[in-house]
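The values are calculated or read from the model by the stated rules, or taken from the named source; none is laboratory data. Just so you know, these numbers come straight off a predicted model, no measurement behind them. Heads up: the accessible areas ignore ligands, DNA and RNA and are worked out on the full protein's heavy atoms, side chains in. Shrake-Rupley method; radii C 1.70, N 1.55, O 1.52, S 1.80 Å.
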Amino acid sequence: MSDITSSIPWDARLARRLVTPLVNSWVTPNHLTTLRLIVGLAAAAAFVPGTYGWSNMAALLLVCSNFLDHTDGELARMTGKTTRLGHFYDLASDAAVTIPLFIAIGVGIEKNPGVDMGVPPALLGTFAGIAVAWIFYWRMRIEERLGKSATRQSSRVGFETEDVLYLLPLATLCSALPQLLIAASICAPLFAIWVTVDYMRVRRTERRAADGVSE
């Protein structure tokens, strides 16, 4: 049991503790998903002005949104209200927050006349956002064929890959958003390519299995 618990990300464990009082309440997992969506979109909007103060506020809102993303799933599991529709609503909310986020960061950076990135920041943000949309699409396709466990992120010492977003306030405090956007515009497309290749691998495995059965 301890091995299973230790493999659960720390934020998911904390989310589970916080939503425990809601188990017998009127609050549903979809309510929490909607709250996450609202906070996440507010974070994206707060990046648009491009000022130091608004950027820091946006980073804090995004951290809250990222944490809230764990609460709906934990409440669904605790109450037995896990549904396919709720799961896809959660995935759609992830995309609806993450894609505009990078675009908004680019728009905000572009409003700062002291930043010269060689390429319009809004274009880099759009490029990263499109790559994120591509990632969500192919991960959903893989999940449809192999189940949710096939797209589960690896966890190390209680942290997942997406937990890097918790470090965003450090980037805004250090005025390092341009560097972060450049990294996102490079890493997101590379990860999108990896997910596409992974989907193709799944399809090849299915075809080989089907050929074996037909024989």
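Over every Cα atom in segment 70-114, the radius of gyration and the widest Cα-Cα span, Dmax, amount to 16.3, 52 Å. Accessible surface calculations at 1.4 Å, restricted to protein heavy atoms, place segment 52-108 at 42 Å² per residue. Per atom type, segment 63-123 shows carbon and sulfur on 65% of its accessible surface, probed at 1.4 Å.
What is the percent of Cα-Cα separations in segment 1-131 that go past 25 Å?
Numbers: 3104 of 8515 pairs.
When every Cα pair of segment 1-131 is considered, 36 percent fall beyond 25 Å.
Only helices reaching 15 angstrom along their own axis (Cα) with mean Kyte-Doolittle hydropathy no lower than 0.5 count here, and for the DSSP H runs of the chain these are 29-47, 84-110, 121-146.
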